[in-house]
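One structure is given here, and the rest of the page talks about it.
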Amino acid sequence: MRADKQDRHNQLCKLIAAEIETTPYEHDGQLWAARPQAYWAEKLKVDTRTIRDLQKSRPIHFDIATVEGVKVTLLRVLAAGEKPPMTERLAAKIIASWCEKNGLPIPRQQFGVLSGLAETYGPQLAPTIVIHALKHWDEFRPFLHLEIDRHI
């Protein structure tokens, strides 16, 4: 990473830690700094595009959420060697991302279905199950019909 970018990244990590210390936001069992991207950009005196770029670099972990009707960027700094926990929401996002990359975009209102799958099968297995089923849909479909008929 370039020296100037590394400096900004370090500054953002410090801002995140200070924000979590003073006003933590609990989400998916973790404490986050929850502010709109414009807030972070103003604090670092950079454009929001720079914030989007910086938040993708480890050890920063980010998510997006709506808090009290406002879209915010959730940021936290991972400890050395820590990986983001696999949550039901993250599993649903992985499935949606795979679908979109493979020409099967998931409408926003259907995202809850993916979250439900992750809740049912667990966040570790859900992406594997759904992606496998979609990759092998022709083989999977008859078994799906059998299961549906069994419950009717």
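The values are calculated or read from the model by the stated rules, or taken from the named source; none is laboratory data. Values in this document were obtained by computation on a predicted structure and should not be read as measured data. All Cβ positions, even for glycine, are placed from backbone atoms using ideal geometry, and neighbour counts span all protein chains on display. Heads up: the accessible areas ignore ligands, DNA and RNA and are worked out on the full protein's heavy atoms, side chains in. Shrake-Rupley method; radii C 1.70, N 1.55, O 1.52, S 1.80 Å.
Side notes on the structure shown:
- The set of residues in the range 18-37 being farther than 22 Å from ARG89 by Cα and either modelled with pLDDT under 85 or open to solvent by 60 Å² or more (accessible area, probe 1.4 Å) (or both) consists of GLU21, THR22, THR23.
- Number of positions in the range 58-77 that are surrounded by fewer than 15 Cβ atoms within 10 Å (Cβ to Cβ), in contact with a Pro (Cβ under 9 Å, 6 or more places away or on another chain) and among the hydrophobic types (A, V, I, L, M, F, W, C): 1
- Among (1) open to solvent by less than 70 Å² (accessible area, probe 1.4 Å); (2) closer than 29 Å to LYS5 by Cβ; (3) assigned to a loop (DSSP other than H, G, I, E, B) - the single one LEU90 does not satisfy: (3)
- The residues in the range 61-76 that are more than 17 Å from LYS93 (Cβ to Cβ) and in contact (Cβ under 8 Å) with a residue 12 or more places away in the chain can be counted, and the count is 2.
- Within the range 1-40, if we keep just the residues that are more than 13 Å from LEU75 (Cα to Cα) and without any contact (Cβ under 8 Å) to a residue 12 or more places away in the chain, the residue that is nearest to the chain's Cα centre (by Cα) turns out to be ALA38.
- Given (1) over 27 Å from SER115 (Cβ atoms); (2) acidic (Asp, Glu); (3) loosely packed, with under 11 Cβ neighbours inside 10 Å, number of the condition ASP7 does not satisfy: (3)
- Of residues in the range 99-150 being acidic (Asp, Glu) and within 22 Å of the chain's Cα centre (by Cα), the one modelled with the highest pLDDT: GLU100
- Taken together, the criteria place GLY116 among residues that are open to solvent by less than 50 Å² (accessible area, probe 1.4 Å) and without any contact (Cβ under 8 Å) to a residue 12 or more places away in the chain.
- Some residue of the range 69-90 being among the small types (Gly, Ala, Ser), farther than 20 Å from GLU19 by Cα and at pLDDT below 85: yes
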